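Worksheet: one structure, shown below.
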Amino acid sequence: MNLTRRTALGALAAAMSGATAPRFFSESEYALLDAVAALIIPADERSGGAREALVARFIDFLVAHCPEAIRANWKTRLAAFDRLAVERCGKPFLQAGTSEQTALLDLVARNENDPRTPTEHFFADLKKATLFAYYTCQTGLLKELGYQGNRALHDFPGCAR
């Protein structure tokens, strides 16, 4: 996916707006994206994770503004991922238990650096988009990483060992 700075900034602004209905994905597809993103970056003591960061909303907006071929790939690969859940777990991903969901993600993540199947491509693309969305929003960048903006440092402390 070719992501320009302008597209990313527009997506971030839209993700922070009050719109809640998915722009591209169906409600069930959006819920699946949200669930997988929440497993990739779960809530913990530092932040509310991908859900608090509205990662699924960002991805939905971003994909909605991609060329048709990319949108079609997201739909096809997402459907393949949910079919794999039915094959492996006997039910759609959202109806599977947490341990079943985690096992399925472990399976499709094995080749994330060299995805070959539609489900592996889905996971690799979703993970990249999740990480980008999370670590460029207030939740990930400010709350978790503690980024304080561009500031001049009086001293450079270097790496502590």
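So between Ala43 and Arg116, what do we pick up on full extension, going 0.36 nm a residue minus the alpha carbon distance?
23.3 nm
Report the FRET efficiency, 1/(1 + (r/R0)^6), for Tyr135 and Ser99, where r is their Cβ-Cβ distance and R0 is 22 Å, rounded to 0.05.
Values: r = 27 Å, r/R0 = 1.24.
So, using R0 = 22 Å, E works out to roughly 0.20.
Classify the stretch 12-99 as rounded, prolate or oblate, taking a ≥ b ≥ c as the square roots of the eigenvalues of its Cα gyration tensor: rounded when a/c is under 1.5, otherwise prolate if a/b is larger than b/c and oblate if not. Walk me through the numbers before you get to the answer.
Values: a/c = 2.31, a/b = 1.11, b/c = 2.08.
Oblate, since a/c reaches 1.5 and b/c is not below a/b.
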Cut-off under 14 Å on the C-alpha distance; same-chain residues fewer than 8 positions from Lys91 excluded. Which aspartates and glutamates are left, in chain and number order?
Asp82, Glu100
Ala160 versus Arg88, label points 7 Å from Cα toward the beta carbon: distance in nm?
4.0 nm
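The numbers here are math on the coordinates, done by the rules we state, and not lab data. Quick caveat, the model's predicted, so the values are computed rather than measured. Neighbour counts are summed over all protein chains in view; Cβ atoms, including those assigned to glycine, are modelled from backbone coordinates with ideal geometry.
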